Amino acid sequence: MRAYIKSKTFWLSLLLFTAVPLLILWAGGTVSGRSSYMETLSVLTIVAFFQLIGQFFQTRGNRYAVKELTMNKVLKYHKCIGYIFVLIILFHPIFVLIPRFTEAGISPGDAFITMITTMNQGIILGLIAWCTLLALGVTALFRKRLPMKYRRWRVLHGALAILFVGTAAWHAVNLGRHSTLVMAVVLSLLTAGGVALLLKVHATQKGLSESGIEK
Amino acid sequence: MKTSKNQTDISRRTFMTIAGGAAGIAAMAAMGLTPNRAEAHSNIPKVDADKMSSVESETDVLVLGSGMAGVFAAVKAHDAGSKVMVVSKGRLGSSGLTPFAKGIFAYDAQTATVSAKDFLDKVSRSALGTNNPVYTRQLLEHSLARVNDLKEWGFFASPLYNKCFSKPLKERNIEVKERIVITHLFKEKGRIAGAAGFSLDEEKIYFLKARSVILCTGSGAFKPNGFPVCDLTHDGTVMAYNIGAKVTGKEWNDGHPGKSKNPADCYGGWGDMFDQKPGVTGVGVVHDLGVELNYKAYVKGNPVSMGGAPGQVKTDAVAGGPYVPAGFEHQKPPQGEKGQGPGGHSAGGKGPGGRPPKEGGAPPGMAGELVGGSSAGMAIHKSEGIVPINDKCQSNIPGLYAAGDALGSYMVGSIYTQVGSSLAGSAVQGAIAGEAAAEYSKGVDMPEISKAEQNRAQEEILAPLKRTEGYSPAWVTQTLQGIMIPNFVLYIKKESLLKAALAFIEELRDHHLPMLRAADLHELRLAYETANMITTAEMKLKASLMRTESRCSHYRLDYPDMDTKNWNAWINIYKGTDGSMQLEKQPFDSWPD
Amino acid sequence: MTIEKIQGCIGCGICVETCPTDVIRQDPKTKKAFIAYPADCQICHLCKMYCPVDAITISPEKSIPVIVSWG
Ligand SMILES: Cc1cc2nc3c(=O)[nH]c(=O)nc-3n(C[C@H](O)[C@H](O)[C@H](O)COP(=O)(O)OP(=O)(O)OC[C@H]3O[C@@H](n4cnc5c(N)ncnc54)[C@H](O)[C@@H]3O)c2cc1C
Ligand code: SF4
Ligand code: SF4
């Protein structure tokens, strides 16, 4: 842990995937008007999504990080960050419903039904992204029990990741409470960067030694 | 319909530029301009009036309005065997006053500590004879059954009423058309024939043929600030008046004050009442929310605030002013939170949704300094509206019924006498009107609305869209508010000022009403509502001039006393054969001829 | 000023139906709700209470001084 916190990789990712979104939120001035816990949850969701985009960079494709920290460690943090923020993102539709529990209005159940049955572009994308993310999480958690070779699994993992990040970013830009032009541009750039990195790894098929992976 | 998004942007930008300084805003307000509609631009209709299509349909019983009265009218007319259609300019359970009322009265003869007779006597005493005991008794006899219906529909489970109102209508397959503004009623061969109006969303005019029509269109006001009544402008009353129905109660007032800080904030002004689930109230006869506070403000000036008693001033009550009958001077401090709002009634029962009532003090949100006129243009519920000719909510036009706030039933008189009775009264009367209308419909055949009448209505509906020059409804409305809302016009009245105000209103009626213009369907609604407010203002001023006494919520400085010799009577208003407004007296305890 | 902003709208259209004074409209293409006639908002909060995702922010002020009976 120590080594990680001291590493440049850590600081750089902190800057890119935490400080940058917070800065955009602050500058955009969209975070206001609601109860502080709701605003906090909003911000948490956004930061969580940025962390998931950051996952593309916590991989072997990030040669700089691997060099600094060893693949073993990079992978450890990839997993650790992954599980935490995947959970947050999986739960975020429920966050949106919290005011329907705490404030007067329609019932949370009715709100949820309206939410998932509104056949709007952003909602459909969100539903696809959510299912993909669930699949990502489950296939990662139970990788060893899957009747699948590691390489095949990696292709699956990568494919799901691309599907997820693409639909989720689009969903976020379309529906996000704090989606502004700047936010949309930064989100798209980071997403594109991450996907490019992943594709590069798969294209070059480099570094496919199994070292440190089957742990 | 296409609404351009630019409109908001433009209006905001205009607002920003204009609102450079607070002084600028104040100056604009003084001129009667809203920042958003300030520019004197010519009318560029976004809706092509010539492309409006028309839709026709027919039903046995046509229910206009989708509040408490409308739901019960529809359900009971259906259950009595009629084909029913509900049409509302808003959404079911989310328009009119119904969404904001949280206390509903129920009288259970089995458990009540007050006998029916004592209750009726007490109401009459508090109402100084202005109530119609037939309707008061009806409330007593039917309220429990209606509350039980509501329980079954899940009314008490949520602060919002759309879902529970949908339930009985869906179960019965009753068609509900929302966001259609009804503007005309049709009378053919001396009886009701149907209604017409336009959609807020599509370029469509609706012609609805019906054997009978029930007006559940609620009350209305001058789009005041601080009371959620801005969607209602006595439309039903004016429509019915136009085809010959008699109208009553225009001299009475509802004396709701608002908070002086953010007076337009209905939600905040009512504390957390809008957030609450509804609850049941028991017997609690009061004499409330007339114009006592207005009188105090008139004599003393600001600041006025509510004392410990609802609708009354605790400390140093000023001399004179509205007469409060013996035994009703000072009510016990409010115990609940579902009274009628800032300065509202106390609630007799337990808190809504079973919540323990708040301790003592003022009803929700009414602490602090108050301003008047938050419900300007509205009278005590059930004291103004269509004149009933019998106990069946029937008007003087065969086939036309009214229920709830749209009916001038004088259920509790011309002052609030029973907490929570407004909601209950709408439910009770809706049910009675529904059954009566269904019964009537069985005996008559489907009427025809003549082509000529249809064309005339269509022309009238579209006229504001077709005008290239004229007055914007927002400006005319603000001008009317400036004339009618000040304390010394409708609240603390005297002949000279009533006449002066009438001169202004007649100017609006003769010159501005015929020149109202609208750029889109939203503005078309505003134009129509503005016209109704002008007619209402004329009625209110004329009835106030005619009633040369003071009683309940009508107070005249020049006639401060009650005159039981000449004025044990209601005032009815109707359209004379020459189209002019006629007023007549109807003695208490009698039905119209 | 009255109804202030709509953020995170999913386009269900419920607030448009719900508003008694017809303040809110939906963009025909994106389906998003927008504030079309803010001057007519009566600050009743119904739209906010019916919105499934709490997208609507309302402030208690009106942008112009309002007409009251005394002051
Ligand atoms: C803030 C507040 C608190 C209140 N508290 C209480 C309380 O605690 N207890 C109590 O008993 N009462 C209370 N009341 C009063 C009570 O709400 C009303 O008396 C009652 O709800 C009236 O019901 P209604 O069905 O007669 O009319 P409304 O509920 O006013 O319904 C009118 C209907 O008519 C429709 N309509 C109007 N014009 C047209 C048109 N031109 N075309 C088509 N449709 C039209 C509207 O869309 C609406 O659906 C309160 C009122 C307010 C505003
Ligand atoms: S607060 Fe009330 S009036 Fe204002 S937009 Fe919402 S529903 Fe409409
Ligand atoms: S109710 Fe909420 S989510 Fe639905 S259209 Fe309105 S603002 Fe959007």
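Values in this text are rule-based calculations from the coordinates and carry no lab data. Note that the structure is predicted; figures quoted are calculated from it, not measured. Positions of Cβ are backbone-derived with ideal geometry, glycine not excepted, and every protein chain shown enters the neighbour counts.
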Q | Under-5 Å amide H pairs with residue B:232, H placed in peptide plane, nonlocal only | A | B:221
Q | Cα-based Kirkwood hydrodynamic radius, segment C:3-58, one decimal, Å | A | 10.8
Q) Exactly which GluC sites (Glu not before Pro) in segment B:412-474 are in a DSSP loop and have at most 14 other Cβ atoms within 10 Å? A) B:448, B:469
**Q.** Backbone HN-Hα couplings from phi across segment B:98-115 [Karplus 6.51/-1.76/1.60, Hz, Gly and Pro as x]
**A.** 3, x, 9, 8, 10, x, 10, 7, 9, 10, 9, 4, 5, 9, 4, 8, 10, 6
(Q) Taking every pair of distinct Cα atoms and averaging 1/r, then inverting, what Kirkwood hydrodynamic radius in Å comes out for segment B:463-567? (A) 14.7
Q) Relative to the Cα centre, what is the charge dipole magnitude of segment B:463-567, using +1 at the beta carbon of each Lys and Arg, -1 at the beta carbon of each Asp and Glu, and rounding to the nearest 20 debye? A) 180
Q) When Lys and Arg each count +1 and Asp and Glu each count -1, what net charge do the other residues less than 13 Å away from residue B:544, Cβ to Cβ, add up to? A) +3
Q) Are there trypsin sites (Lys or Arg not before Pro) in segment B:94-198 that DSSP marks as loop and that have at most 10 other Cβ atoms within 10 Å, and which are they? A) B:189
**Q.** Between segment B:560-591 and segment B:77-118, the alpha-carbon center distance in angstrom
**A.** 29
Q.
For a quick check: with amide H placed at 1.01 Å from N, whose amide H comes under 5 Å from residue B:516's, ignoring anything fewer than 5 positions away on the same chain?
A. B:471
**Q.** Entries of B:187/C:62; B:102/B:296; B:259/B:575; B:493/C:48; B:163/B:223 with Cα pairs more than 31 Å apart
**A.** B:187/C:62; B:259/B:575; B:493/C:48
Q) When the Karplus curve 6.51 cos²θ - 1.76 cosθ + 1.60 is applied with θ = phi - 60°, which whole-Hz ³J(HN,Hα) does each residue of segment A:197-204 get, with x for Gly and Pro? A) 4, 5, 5, 4, 4, 5, 5, 7
Q) In degrees from 0 to 90, rounded to the nearest 10, what is the angle of the helix A:71-102 Cα long axis to the longest principal axis of chain A? A) 10
Q. Hey, what number do you get for chain A at 222 nm if only DSSP H runs of n ≥ 4 count, each worth -39500 (n - 2.57), divided across all residues, to the nearest 500?
A. -24500 deg cm²/dmol
Q | Karplus 3J(HN,Hα) series, Hz, for segment B:411-421 with 6.51 cos²θ - 1.76 cosθ + 1.60 (x for Gly, Pro) | A | 4, 10, x, 9, 8, 6, 10, 10, 4, x, 7
Q) Cα centroid distance between segment A:125-166 and segment C:15-65, in Å? A) 40
Q) Using unit Cβ charges (K, R positive; D, E negative) and no other charged atoms, how large, in debye to the nearest 20, is the dipole of chain A about its Cα centre? A) 1240
Q | Top positive-direction residue, dipole computed over the protein assembly as shown with Cβ charges, set B:162, B:205, B:240 | A | B:162
Q: Taking H placed 1.01 Å from N in the peptide plane, check which residues at least 5 places from residue B:555 or on another chain put their amide H under 5 Å from its amide H.
A: B:493
Q. Longest exposed-loop-site-free stretch of chain A, with GluC sites (Glu not before Pro), DSSP loop and at most 12 other Cβ within 10 Å?
A. A:1-209
Q: Kindly give Rg over Rh for the protein assembly as shown, based on alpha-carbon atoms, with the Kirkwood expression for the hydrodynamic radius.
A: 1.05
Q. Per residue, what volume in Å³ does the Cα convex hull of segment A:2-208 take up?
A. 137
Q.
Out of all Cα-Cα pairs in segment B:389-470, roughly what percent, to the nearest whole number, are more than 17 Å apart?
A. 63
Q) Angle, helix A:36-54 long axis vs. longest principal axis of chain A, Cα atoms, 0 to 90°, nearest 10? A) 30
(Q) Distance between the C-alpha centers of segment B:471-522 and segment A:18-74? Whole Å please. (A) 58
Q: Assign one of three labels to segment B:178-246, namely rounded, prolate or oblate, based on the Cα gyration tensor with a ≥ b ≥ c the square roots of its eigenvalues; rounded applies when a/c is under 1.5, prolate when it is not and a/b is larger than b/c, and oblate otherwise.
A: oblate
Q | Selection from B:131, B:115, C:10, by position along the positive dipole direction of the protein assembly as shown (Cβ) | A | C:10
Q | Exposure proxy ranking, count of Cβ atoms within 10 Å, fewest first, for A:13, B:426, B:57 | A | B:57, A:13, B:426
Q: Can you check how the C-alpha radius of gyration of segment B:218-277 compares to 2.2 N^0.38 Å, as a plain ratio?
A: 1.40
